[in-house]
1. Please pick out the residue among LYS66, LYS42 that is at pLDDT 95 or above and over 27 Å from PRO131 (Cβ atoms).
2. Hey, any hits in the range 336-356 for a residue that's on the phi > 0 side of the Ramachandran plot and open to solvent by 20 Å² or more (accessible area, probe 1.4 Å)?
3. Taking the options VAL353, VAL330, VAL393, name whichever one is closer than 27 Å to ILE451 by Cα, among the aliphatic types (A, V, I, L, M) and modelled with pLDDT of 95 or more.
4. Criterion first (under 28 Å from the mean Cα position of the chain (by Cα) and free of Cβ contacts under 8 Å to residues at least 60 places away in the same chain) does ARG415 satisfy it?
5. Please state which one of ILE76, ILE99 is assigned to a helix (DSSP H, G or I), closer than 18 Å to ASP162 by Cα, over 24 Å from the mean Cα position of the chain (by Cα) and at pLDDT below 95.
6. Can you pull out every residue in the range 185-217 that is closer than 21 Å to GLY429 by Cα, among the polar types (S, T, N, Q) and over 20 Å from the mean Cα position of the chain (by Cα)?
7. Out of the residues in the range 29-62 meeting the condition of being part of a loop (DSSP other than H, G, I, E, B) and small (Gly, Ala, Ser), tell me which one is nearest to THR206 (Cα to Cα).
Amino acid sequence: MYSIEMRGITKKFGTFCANSNVDLLIKKGEIHALLGENGAGKTTLMTVLYGIYGADEGEIFVGGKKMTINSPRDAIANGIGMVHQHFMLVQNFTVAQNIVLGMKNRFWVKLEQVEKELDELSAKYKLKIDPRKKVSELSVGEQERVEIIKALYRKVDVLILDEPTAVLTPQEIDDLFVTLRDLKNAGISIIIITHKLDEVMAVTDTVTVLRHGINEGTISTAETNQKELAKLMVGHEVLLNIEKAESQVGDVVLSVDNVHAIADGVEKLKGISLEVRAGEVLGIAGVDGNGQRELARSIVGLLTKTSGTVTIGGKDVTRSTVKQILDEGVAYIPEDRIKDGLLCEFSIEDNLVLQSTNDYKNGPLISRKKIREHGIEMMKEFDIRAKDVTEPVKLLSGGNQQKIIFGRELTRKPRLLIATQPTRGLDIGAVEYMWTRIEEAKQQGVAVLLISTELDEILTLSDRIEVIYEGEIIGKFEGDDIHKLGLLMAGVKPEETNKTEEKVKEE
């Protein structure tokens, strides 16, 4: 028997069709992955099921009965809960207070009784949480547990999780998977929205792949593999790894010494020090929001440093302007390509020469012919897919937009490449392409500072790994013990990681 049947679901936003005649069948007591690249329609389909959006066409059946779901309240009443990628919690409220928010008759609820019930619920499903604690005192992993407990407290039969591992350490991911299996054994159906193939293979029973809003197929996880799923996601075969050359390490190109910086009135960098040499990739790992963005921006001069020094090729650039720093041979892939990397109303050809228009002059005037010839050449070299170089960047996919930034920055022949979240929001094919370009840059002697929250990316590309936590480099990661890396990401200092692992084993 199916707990959820979505039949012929179509959802449009203007002329854009996010879901086209999609069928999705969820069995009772299974973990079902909804897999696809960004923009494939996964979250849209689930927000239709949860009542945030109404479908333009199609039907929804819950437990075999046709239902009309016009709001999240309707969904909850029908036993459907959803944990969003960005948690819906009030930071200054306790766990128990957050649980009762939005419930009927909440003003007559005894908080002590709720706390007792939450203690029992968290013990039953091994979701360790103190219902009396304020949410602001909890880690990101604990906050996700609160969201899951909130859904369970409301007696859901179907639980939707939107990118549930995006901000978790490896240990927290393992704990989450244990919880999901317990929920499955209790008869609860779980739908995981994701793009991470290794996690799909690790924890799910069934996979449905969406591409361009269309259901490309539903498969038993036991009868498929990552290669097959990747092909369904992007429409062609994808290599899931790259050939990594041994580093030919040269002189120090970038040196960051005891840098402090403030953003939005808060100290985000608290004495960061690091070095990157020519011909190597230094990976900075960490849970999102621990100072990664501020580190990159402080190096390229977009964020003023309150103290400390930055040198490039031995030259002090601490107080230099952004242009002066870029002119020292620095290429920058920003975290937010739309906001910081592109002029989206401009054409492809114009975006490709934003930092080097003087190179395309014919006498005192800029030559449109030279810019166009350069654009055509770059589209070929970097596989930028569009009808022609005059197309506005806003009409391109995320992967093609990112290729423009990579192409523009790498053709400047940099000696230092700062790549911040370089593959965020990209499909597997585009990820493979970006990884290859970063590896090629390293082989050409470029010093690469790779800042990413994607552990696969850090582990695949980096020659050395350091971990950032609350604005500090907390330690270096060596070897292949992912759990030790997870402890560092959670703020456990290197000298304490062995003790922590021993304690976990004893428990």
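1. After ruling out the rest, the residue left standing is LYS66.
2. Keep residues of the range 336-356 that are on the phi > 0 side of the Ramachandran plot, which gives none.
For the range 336-356, residues on the phi > 0 side of the Ramachandran plot and open to solvent by 20 Å² or more (accessible area, probe 1.4 Å): absent.
3. On the way: VAL353 fails: modelled with pLDDT of 95 or more; VAL393 fails: modelled with pLDDT of 95 or more.
Being closer than 27 Å to ILE451 by Cα, among the aliphatic types (A, V, I, L, M) and modelled with pLDDT of 95 or more holds for just one of VAL353, VAL330, VAL393, which is VAL330.
4. Working: under 28 Å from the mean Cα position of the chain (by Cα): yes; free of Cβ contacts under 8 Å to residues at least 60 places away in the same chain: no.
Taking the combined requirement at face value, the residue does not satisfy it.
5. Details: ILE99 fails: closer than 18 Å to ASP162 by Cα.
So the residue among ILE76, ILE99 that is assigned to a helix (DSSP H, G or I), closer than 18 Å to ASP162 by Cα, over 24 Å from the mean Cα position of the chain (by Cα) and at pLDDT below 95 is ILE76.
6. As a first pass, look at the range 185-217 and keep what is closer than 21 Å to GLY429 by Cα: 193-201, 207-217.
Filter once more, so that each one left must be among the polar types (S, T, N, Q): 194, 208, 215.
THR208, ASN215, listed by residue number.
7. GLY29
Residue-wise test of (1) part of a loop (DSSP other than H, G, I, E, B); (2) not hydrophobic (A, V, I, L, M, F, W, C).
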residue: SER122; (1), (2): no, yes
residue: LEU127; (1), (2): yes, no
residue: GLU147; (1), (2): no, yes
residue: LYS155; (1), (2): yes, yes
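The values are calculated or read from the model by the stated rules, or taken from the named source; none is laboratory data. This structure is a prediction, so every number in the text was calculated from the model and none was measured. All Cβ positions, even for glycine, are placed from backbone atoms using ideal geometry, and neighbour counts span all protein chains on display. Accessible surface is based on the protein model in full, side chains and every heavy atom, while ligands, DNA and RNA are left aside. Shrake-Rupley method; radii C 1.70, N 1.55, O 1.52, S 1.80 Å.
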